[in-house]
Amino acid sequence: EDQVTQSPEALRLQEGESSSLNCSYTVSGLRGLFWYRQDPGKGPEFLFTLYSAGEEKEKERLKATLTKKESFLHITAPKPEDSATYLCAVQTGGGNKLTFGTGTQLKVEL
Amino acid sequence: DAGITQSPRHKVTETGTPVTLRCHQTENHRYMYWYRQDPGHGLRLIHYSYGVKDTDKGEVSDGYSVSRSKTEDFLLTLESATSSQTSVYFCAISEIWTSGGGPGSYNEQFFGPGTRLTVL
């Protein structure tokens, strides 16, 4: 059974204080790893897809990386508007289904 | 929200009543999904569809049924609602294509705004 674990569950940062969120996975045959951002009361918003170990993707202050066992979402010099829950999901096998982690709730304070 | 609407956005109902939630997309994507989101469990797949009249079960399908008679609409029905089905329900859509020189198929799912369902 595919498992996705995100850590920490919650993270509080000061504005400008860089950090990383972790997504570790145990799957048989990773086809893709996805990062989403979710604001309170809204649906998840797609951020990145990573397909193979060593791959990196960047968008503004966010950078996602992938190894054979985990993915990191690095947040550089965060701003209060980066506050959200960040979700990680994996796609495995031949199906089109995703297995999600429970998320990291990030709060960035002034 | 990538041309996805869900209705209703909020619903309160009583135990034992049937409930139908609707997902409508304007993107002409082949795949549609229903998830529920609960604290401590994350997003869990209920059912999904890979084409008109083609559906399959997800991880937590008991007590739910789905139908898809048109590409743009995917309905989720709770035959007889129970308090354990109180949750936030999200619809998602995706399309599959294969890049020429890439690793395989792409499957980004795009989510609707959600429906908050309370079963009393």
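The values are calculated or read from the model by the stated rules, or taken from the named source; none is laboratory data. Bear in mind the structure is a predicted one, so any value in this text is a computation, not a measurement. Note that each Cβ is placed from the backbone with ideal geometry, even for glycine, and that neighbours are counted across all protein chains shown. These area figures cover heavy atoms from the full protein model, side chains too; ligands, DNA and RNA do not enter into them. Shrake-Rupley method; radii C 1.70, N 1.55, O 1.52, S 1.80 Å.
Counting only other chains, and only Cβ atoms inside 10 Å, what mean value do you get across the residues of A:34-41? Numbers along the way, then the final one.
On the way: counts 3, 0, 5, 0, 5, 0, 0, 5.
So the per-residue partner count for this stretch is 2.
Can you list the GluC sites (Glu not before Pro) in the range A:6-110 that are in a DSSP coil and have 15 or fewer other beta carbons within 10 angstrom?
On the way: sites: A:GLU9, A:GLU15, A:GLU17, A:GLU45, A:GLU55, A:GLU56, A:GLU58, A:GLU60, A:GLU70, A:GLU81, A:GLU109; in loops: A:GLU9, A:GLU15, A:GLU17, A:GLU55, A:GLU60.
Those that pass, being in a loop and sparsely packed, are A:GLU9, A:GLU15, A:GLU17, A:GLU60.
Rounded to the nearest 5, what % of the DSSP beta bridges within chain A are antiparallel ones? Can you show the working numbers first?
Numbers: 39 of 44 bridges.
Counting DSSP beta bridges with both partners in chain A, the antiparallel share is about 90 percent.
Beyond 32 Å between alpha-carbons counts as too far, so tell me which of A:LYS42/B:LYS57; A:LYS69/B:LYS11; A:LYS69/A:LYS107; A:LYS59/B:LYS11; A:LYS107/B:LYS57 fall in that bin. Numbers along the way, then the final one.
On the way: A:LYS42/B:LYS57 25 Å; A:LYS69/B:LYS11 40 Å; A:LYS69/A:LYS107 26 Å; A:LYS59/B:LYS11 36 Å; A:LYS107/B:LYS57 36 Å.
Checking Cα-Cα distances, A:LYS69/B:LYS11; A:LYS59/B:LYS11; A:LYS107/B:LYS57 exceed 32 Å.
Can you compute the FRET efficiency between A:LYS68 and A:LYS42 using 1/(1 + (r/R0)^6), with r the Cβ-Cβ distance and R0 = 41 Å? Round to the nearest 0.05. Working shown, then result.
Details: r = 32 Å, r/R0 = 0.79.
Efficiency for this residue pair is about 0.80.
Ignoring any ligand, DNA or RNA, what whole percent of the accessible area of the range A:42-110 comes from carbon and sulfur when the probe is 1.4 angstrom? Let's see the in-between values first.
Working: 1510 of 3160 Å².
Answer for the range A:42-110: carbon and sulfur cover 48 percent of the accessible area.
Please give the average number of partner chain Cβ atoms lying within 10 Å of the Cβ of each residue in B:24-36, rounded to a whole number.
Numbers: counts 0, 0, 0, 0, 0, 0, 1, 2, 0, 3, 0, 4, 0.
Per residue, the average neighbour count from other chains is 1.
Just to check I understand the Karplus step: with θ = phi - 60° and J = 6.51 cos²θ - 1.76 cosθ + 1.60, what whole-Hz values come out for the range B:75-91, glycine and proline as x?
With the stated coefficients, the range B:75-91 comes to 9, 10, 10, 9, 4, 8, 4, 10, 4, 5, 9, 4, 5, 9, 10, 10, 9 Hz.
Could you give each residue of the range B:30-42 its phi-based ³J(HN,Hα) in whole Hz, using Karplus coefficients 6.51, -1.76, 1.60 with θ = phi - 60°, and x for Gly or Pro?
So the Karplus estimates, Gly and Pro as x, are 6, 9, 9, 9, 10, 10, 10, 10, 10, x, x, 10, x Hz.
Give the distance, in whole Å, between the Cα centre of the range B:50-77 and the Cα centre of the range A:38-59.
26
Ignore the peptide's own chain and count Cβ atoms of other chains within 10 Å of each Cβ in B:39-46; give me the average, rounded. It would help to have the intermediate numbers written out before the result.
Numbers: counts 1, 2, 2, 11, 12, 2, 4, 0.
Across the residues of B:39-46, the mean count of other-chain Cβ atoms within 10 Å is 4.
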